[in-house]
Amino acid sequence: MAIFIKPNLINMRIFYLIILLGISITCFAQESEEYKRYKTLYPNSTAVTLNKETTITIKLDDENINIIQEHFEEDLYLDEGASRNAKRSLHFSSFFELEDVEASSLVFSDGKYREMEVEEFSEKDELDQSFYDDSKSLNFIFPNLQKGSKSRLKYSENVKNPRFLSPFYFGDYSPIVNNKITIVADKNINLKFKEFHTEDLDIKFSKQEKRNNVIYTWELKNMGKFKYEYNAPTYKKIFPHIVPIITSYKTKNNTVALANKVDDLYQWYYSLVKNINKDEPDEELITVVNDLTADKTSDFEKVKAIYYWTQKNIKYIAFEYALGGFIPRQANDVFNKKYGDCKDNSSILYKMLEIAGIKGDLTWIGTRKIPYSYEEVPTPLVDNHMILSYTDDTNNTYFLDATGRFIPIDYPTPFIQGKEALISKGASGFVIKKVPVVPAKKNAVIDTTVINLENENIVGTSQVTISGYRKLDCFDALEYTNTDEKLKTFYIKQLEKGNNKFIIDDFTETNKFDYDKDLIVNYDFNINGYAKKLGDEIYVNLNLNKELRPYKMEDDRKNDIEYEYKSYFDYTTTLIIPEGYTVDYIPENISVSNDLITTNISYTSNENSITYKHDVTFNFINLSLQQQKEIDKVVKTIGKAYKEVIILKKL
């Protein structure tokens, strides 16, 4: 059979074919040679930084140091998601004043780039830090970014305090083709440079003197991208970078020490806090302290009472301006307002202990997001937090962070574990102590359960005891769990056993929101269809809590993994053997242990029941790539044991 197409339909098809062909040609034409080259070089990247240049000019003006940091960055976008990168922010504060911001998009069209300048900029307060809480952001959007487009950003920073020189980085989550840093410093200004993770890089460094300046230059080409991964350490622990430090400078009359050693940093810090709390304490504050300590027989108990009161009654709000980000408010002001930042909480805690006749020490510390020691980087880059230290008669030091909630006195806040603390001893100097990492068994979940079988359903009753940081996590969530329905949902999620059919029927809480006592939850639960009946046999997997499963490691991971704290889990489950059945099979016991993890699974049986025990000690808060492999071996071994079932047979 012959098929005839109407002439007008043929014309329409030709018309559409021409349009499609035109679109195809146009699309092909919009790809610059530059785009093609870098798309071939970096096929798995969404963008590439073509040029990144930083020039830092440090001049000496009589007794003052003036610092200007000039930045230029040009990025090329390699996929259709380019618009995701359009929104940008630049951060500034009283220590870093932004100047001369220029931003534009370059869109490739008709064989050339067409520049489109950013015209609208908006400022926004940023209230998410402890020390630099007057920081703001300048926000803008690169217009019309698309695949093959480029963006250019140029701006200057006026650094108002010479202690605040910023690190410069040689890596990012996108490749960098050309990266150049230049420091032009007055010859009377002495600098040193601390390098981190640069050992394997081919960085070209030069130093030359020109007139009254010393010029330092670093150049690196074709730096590949770094992989972004969950639970990875801060980028400061991953990206290669250099921290420039002005150690001292010479004036006409003398040499001024600035940041050559820790004592230089401490002397500056101490100059900012030495005059606080010189006023007489408020009478009402004295009354509060006296009431809190009236029935306490030891200094330790007095400190604990005051510490817990401060956590409960002084709300943490971080907002400061300029050096106010480093100088605590007076205790009387904090007491009357009932709020403050980390320094203010430390200030009132210091004064309340003083009223009680007890010595506390103001203490500077960096959270775990900051990787430097005080010796390495004796500048404000090394820390971002203030707490109070109390040392008892036996030389035990307690690190008191009143910005936290429900923190027991013998626990530091989790984000300062393992960090160095710079403890003030007044005009006489300081000591540096390392905050201990809390042992795993102090962050415990201990669960005791009895279960019965009703056909294929499990019906059980449990008591779980939760301590340490595990308890703290629960309390943080429970503060905002304000209805019975939300509360039940929270515990179902937290205490889940077996599978997602786990339901809590009823529960009671003991020691809720208690600082020193463990949280205890008693609950009744059921899991429908969990057991399996086949003929005369019943199959039950008593591994109701498979704590090791989430620790299966990725084979291609590139970075360390960080956890908030060490943990310990202990589960005891007793199965009541149904009447008319006997035990036909019990899995073998298993124990695995190394420096990072210890775990055991055991079964015992008697005439009426089978008791299953499983404990896991996670003895780490950081895992290197090699340690991840060691953990993975344990997970695979225990993973097989998790599949084991007991078999009950009808008599």
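The values are calculated or read from the model by the stated rules, or taken from the named source; none is laboratory data. All figures in this text were calculated on a predicted structure; none of them were measured in a lab. All Cβ positions, glycine included, derive from the backbone under ideal geometry; neighbour counts span all protein chains shown.
Couple of notes before you dig in:
- Qualifying residue in the range 424-435 (condition: in a loop (DSSP other than H, G, I, E, B), in contact with a helix residue (DSSP H, G or I) (Cβ under 9 Å, 6 or more places away or on another chain) and in contact (Cβ under 8 Å) with a residue 24 or more places away in the chain): yes
- Unique match (being assigned to a strand (DSSP E or B), in contact with a strand residue (DSSP E or B) (Cβ under 8 Å, 6 or more places away or on another chain), of a type in the set (V, I, T) and in the same structural domain as N452 (by TED's automatic domain parsing)) among T582, T637: T582
- Boolean, I242 is crowded, with 18+ Cβ neighbours inside 10 Å, among the hydrophobic types (A, V, I, L, M, F, W, C), out of contact with any Leu (no Cβ under 7 Å at 6 or more places or on another chain) and within 30 Å of T367 (Cβ to Cβ): yes
- When G418 is tested against (1) outside any strand (DSSP E or B); (2) on the phi < 0 side of the Ramachandran plot, only condition (2) is not met.
- Among the residues of the range 521-544, the ones that are touching a strand residue (DSSP E or B) at 6+ places or on another chain (Cβ under 6 Å) and part of a strand (DSSP E or B) come to 12 in all.
- Selection status of D291, free of Cβ contacts under 8 Å to residues at least 40 places away in the same chain, on the phi < 0 side of the Ramachandran plot and either over 37 Å from the mean Cα position of the chain (by Cα) or assigned to a helix (DSSP H, G or I) (or both): yes
- In the range 327-354, residue modelled with the highest pLDDT [restricted to those that are outside any loop (DSSP other than H, G, I, E, B) and surrounded by fewer than 18 Cβ atoms within 10 Å (Cβ to Cβ)]: E354
- Selected residue (criterion: surrounded by the fewest Cβ atoms within 10 Å (Cβ to Cβ)) from residues of the range 436-456 that are closer than 27 Å to D361 by Cβ and in contact with a helix residue (DSSP H, G or I) (Cβ under 7 Å, 6 or more places away or on another chain): K442
- Residue under evaluation G324, criteria (1) at pLDDT 95 or above; (2) out of contact with any helix residue (DSSP H, G or I) (no Cβ under 7 Å at 6 or more places or on another chain), criterion not met: (1)
- So I590, is it under 38 Å from the mean Cα position of the chain (by Cα), within 21 Å of A444 (Cα to Cα), modelled with pLDDT of 95 or more and of a type in the set (A, V, I, L, M, F, W, C): no
- Qualifying residue in the range 398-421 (condition: among the basic types (K, R), assigned by TED's automatic domain parsing to the domain that holds L362 and either within 20 Å of the chain's Cα centre (by Cα) or surrounded by 15 or more Cβ atoms within 10 Å (Cβ to Cβ) (or both)): yes
- Of all residues in the range 506-519, none are among the β-branched types (V, I, T), surrounded by 13 or more Cβ atoms within 10 Å (Cβ to Cβ) and under 30 Å from the mean Cα position of the chain (by Cα).
- Residues located in the range 155-172, provided they are closer than 13 Å to I58 by Cβ and assigned to a strand (DSSP E or B): E157, N158, V159
- Every residue from the range 67-104 that is of a type in the set (D, E, K, R), surrounded by fewer than 15 Cβ atoms within 10 Å (Cβ to Cβ) and either part of a strand (DSSP E or B) or not assigned by TED's automatic domain parsing to the domain that holds L145 (or both): K87, E97, E99, D100, E102
- Only a single criterion out of (1) touching a strand residue (DSSP E or B) at 6+ places or on another chain (Cβ under 8 Å); (2) modelled with pLDDT under 95 is not satisfied by Y307, namely (2).
- Condition met for E547 (under 30 Å from S605 (Cα atoms) and either outside the structural domain of L625 (by TED's automatic domain parsing) or in a loop (DSSP other than H, G, I, E, B) (or both)): yes
- Scan of the range 105-119 for residues that are assigned to a strand (DSSP E or B) and touching a strand residue (DSSP E or B) at 6+ places or on another chain (Cβ under 6 Å), ordered by number: S105, L106, V107, Y113, R114, E115, M116, E117
- Residue list for the range 357-381, filter: of a type in the set (G, A, S) and farther than 25 Å from P436 by Cβ: G357
- Every residue from the range 145-195 that is more than 29 Å from the chain's Cα centre (by Cα) and among the acidic types (D, E): D186
- The one condition in (1) surrounded by fewer than 19 Cβ atoms within 10 Å (Cβ to Cβ); (2) in contact with an Asp or Glu (Cβ under 7 Å, 6 or more places away or on another chain); (3) farther than 30 Å from D172 by Cα; (4) of a type outside the set (F, W, Y) that R557 fails to fulfil: (3)
- R211 meets the conditions (1) under 19 Å from V243 (Cα atoms); (2) over 30 Å from the mean Cα position of the chain (by Cα); (3) not polar (S, T, N, Q) in every case but one. The failed one is (1).
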